[in-house]
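A.B. asks: Before we start, here is the structure in question, set down as structure tokens.
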Amino acid sequence: MEKSVRKRPESQEVDARMVQRLLPAAVMFGELRDLVIHAGLRAVELMLEAERTAACGERYERRADRQATRMGHAPGELVLGGRRVAVKRPRARTQAKEEVVLPSWERFSAEDPLTERAVEQMLVGVSTRKYARSLEPMAEGVATRGTSRSAVSRRFVAATQDQLDTWMATDLGGLDLAAVMIDGLAFREHVVLCALGIDTSGKKHVLGLQEGATENAVACTDLLTNLRSRGLRTNRALLVVIDGGKALAKAVRDVFGRFALIQRCQVHKTRNVLDQLPENKRGSVRKAMYDAYRSRSADTARRLLNNLERALRKNHPGAAASLREGLDETLTVLAFGLGATLERSLSTTNAIENLNGNIRRISRRVKTWRDGSMILRWVGAAVNDASKGFRRFRGFKDIPKLAAALRSHTVKLTKSVDAPVRAVA
């Protein structure tokens, strides 16, 4: 009995023929890449030589009006594909023995995308050791450098430090802010405080960073003082959203005085209270606090929370004391009559927590933090990267209501003192 032969499906035969045709092209791709790179480098050499010819005339040409003389070539480097590539630079000198600057060389050498490339690679997770592997292969016979671990590290450190210094010196006087959020992010024994501003159009701005040992009043005062010295206006009412820490609240009052309207994060407050309770009590207390904060009325919320505090006072005095401390400052936003979305957004520090999440994602690849300066550089780079994708603040359409309430509060405060401070619209 003859054995039947199973035929290959027509689709598989088509795939096999396609692979056979593409395989030689794949082998040739490396040769084509090398050809393109060599052709590009040759084009640069021809361009530079043409500019030298324009200044000196054709080789061996005798000219009475010659302005410059050829002086051979000098070794030089240009950036290509994330690395430095060796290129011969044509030289020429004037009759006064001054070097002739070739326009193309000045333009090509002035541009340094290498630093930007190194920073970008580090932020997306490429280590300094693997930087060279992340680049496209270079053509054979082309001398390169600048991809070693130490070279990439030096460029990253220099670029992020310059970026941080420039950013931390930016003038804030032109920002029309309605609210500022402050929260801290821990890096082992260090804490970095971050200030996020929300302007009256709903745009978010990272205002500054401050490194310290803990989220204490000194570190927060230094941060706010820096913001004030850079133009942040403190002579009008401003909503300042912070976590549940008393130290931050004290620092805000010290810098902004009576113009500070403090909103303590309701999520942090709830968490602090629940930490003082046994597991079987947390569910009911969490729901009671949630219902109070979602009541949309400061008076109603205050009454519900005071009732809860009295119920906890006897059996759980620690939780009651935590709830009682700064209770009114968790209800500040409820008094403005804002829309539900903006009200919820300003009642917590969730907006800055999202920013902190991006910082954690980028910095978690660092295994050893040498010092506070290194931490600030990495946080600054992460913040700069995150700010490129900022969206408007949730509920931003109701921010004009908040701005109007803040102006009204400013006028009220300035009328209540003997020497009024001019209200700023």
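A.B. asks: Please give the number of the condition Gln210 fails out of (1) touching a Cys at 6+ places or on another chain (Cβ under 9 Å); (2) surrounded by fewer than 23 Cβ atoms within 10 Å (Cβ to Cβ).
C.D. replies: (2)
A.B. asks: Could you tell me whether Ala311 is part of a helix (DSSP H, G or I), buried (at least 19 other Cβ atoms within 10 Å of the Cβ) and not assigned by TED's automatic domain parsing to the domain that holds Gly395?
C.D. replies: no
A.B. asks: Please determine whether any residue of the stretch 406-425 is without any contact (Cβ under 8 Å) to a residue 12 or more places away in the chain and under 17 Å from the mean Cα position of the chain (by Cα).
C.D. replies: Within the stretch 406-425, none of the residues are without any contact (Cβ under 8 Å) to a residue 12 or more places away in the chain and under 17 Å from the mean Cα position of the chain (by Cα).
A.B. asks: List every residue pair whose Cβ atoms lie under 8 Å apart, where the two residues are 6 or more positions apart in sequence or sit on different chains, the first residue falls within the stretch 35-47 and is outside the structural domain of Val79 (by TED's automatic domain parsing) and closer than 12 Å to Leu102 by Cα, and the second residue, located anywhere, is at pLDDT below 80 and not hydrophobic (A, V, I, L, M, F, W, C).
C.D. replies: Close Cβ pairs (under 8 Å, with a partner that is at pLDDT below 80 and not hydrophobic (A, V, I, L, M, F, W, C)) do not exist here.
A.B. asks: Kindly indicate whether Asp199 is buried (at least 22 other Cβ atoms within 10 Å of the Cβ) and not assigned by TED's automatic domain parsing to the domain that holds Glu116.
C.D. replies: no
A.B. asks: Scan (1) assigned to a helix (DSSP H, G or I); (2) in contact (Cβ under 8 Å) with a residue 24 or more places away in the chain for the single condition Leu232 breaks and write down its number.
C.D. replies: Only one criterion in (1) assigned to a helix (DSSP H, G or I); (2) in contact (Cβ under 8 Å) with a residue 24 or more places away in the chain is unmet by Leu232, namely (1).
For (1) assigned to a loop (DSSP other than H, G, I, E, B); (2) among the β-branched types (Val, Ile, Thr); (3) modelled with pLDDT of 80 or more, each residue gets a yes or a no:
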{"residue": "Phe29", "(1), (2), (3)": "no, no, no"}
{"residue": "Asp34", "(1), (2), (3)": "no, no, no"}
{"residue": "Glu61", "(1), (2), (3)": "yes, no, no"}
{"residue": "Asp65", "(1), (2), (3)": "yes, no, no"}
{"residue": "Val79", "(1), (2), (3)": "no, yes, no"}
{"residue": "Arg84", "(1), (2), (3)": "no, no, no"}
{"residue": "Val87", "(1), (2), (3)": "no, yes, yes"}
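A.B. asks: Does Thr160 satisfy the condition of being within 16 Å of Asp371 (Cα to Cα) and out of contact with any Ser or Thr (no Cβ under 8 Å at 6 or more places or on another chain)?
C.D. replies: yes
A.B. asks: Here is a further query. Which of (1) assigned by TED's automatic domain parsing to the domain that holds Asn358; (2) surrounded by fewer than 22 Cβ atoms within 10 Å (Cβ to Cβ); (3) more than 25 Å from Arg407 (Cα to Cα) does Lys287 not meet, given it meets every other one?
C.D. replies: In the conditions (1) assigned by TED's automatic domain parsing to the domain that holds Asn358; (2) surrounded by fewer than 22 Cβ atoms within 10 Å (Cβ to Cβ); (3) more than 25 Å from Arg407 (Cα to Cα), Lys287 misses (1) alone.
A.B. asks: Can you pull out every residue in the stretch 356-409 that is in contact with a Ser or Thr (Cβ under 9 Å, 6 or more places away or on another chain) and of a type in the set (Val, Ile, Thr)?
C.D. replies: Ile375, Val379, Ile399
A.B. asks: Hey, could you check the stretch 223-237 for residues that are out of contact with any helix residue (DSSP H, G or I) (no Cβ under 6 Å at 6 or more places or on another chain) and crowded, with 17+ Cβ neighbours inside 10 Å and say which is nearest to Ser408 (Cα to Cα)?
C.D. replies: Leu232
A.B. asks: Ok, one more. Quick one: is Gly389 surrounded by fewer than 18 Cβ atoms within 10 Å (Cβ to Cβ), at pLDDT below 90, touching a Phe, Trp or Tyr at 6+ places or on another chain (Cβ under 9 Å) and in the same structural domain as Leu193 (by TED's automatic domain parsing)?
C.D. replies: no
A.B. asks: Further question on the same structure: Any residue that is buried (at least 16 other Cβ atoms within 10 Å of the Cβ), assigned by TED's automatic domain parsing to the domain that holds Gly197 and of a type in the set (D, E, K, R) - is there at least one of those in the stretch 329-349?
C.D. replies: no
A.B. asks: State whether the residues of the stretch 385-402 include one that is in contact with a Lys or Arg (Cβ under 9 Å, 6 or more places away or on another chain) and of a type in the set (Ser, Thr, Tyr).
C.D. replies: Yes; the residues of the stretch 385-402 include at least one that is in contact with a Lys or Arg (Cβ under 9 Å, 6 or more places away or on another chain) and of a type in the set (Ser, Thr, Tyr).
A.B. asks: Then there is this: Within the stretch 235-247, how many residues are outside any strand (DSSP E or B) and under 21 Å from Leu172 (Cα atoms)?
C.D. replies: Qualifying residue count, the stretch 235-247: 3.
A.B. asks: Moving on to the next point. Going by the conditions given, is Ala251 buried (at least 17 other Cβ atoms within 10 Å of the Cβ), in a helix (DSSP H, G or I) and assigned by TED's automatic domain parsing to the domain that holds Ile375?
C.D. replies: yes
The values are calculated or read from the model by the stated rules, or taken from the named source; none is laboratory data. From a predicted model like this one, the values you see are computed outputs, not experimental measurements. We place every Cβ from the backbone using ideal geometry, glycine too, and count neighbours over all the protein chains shown.
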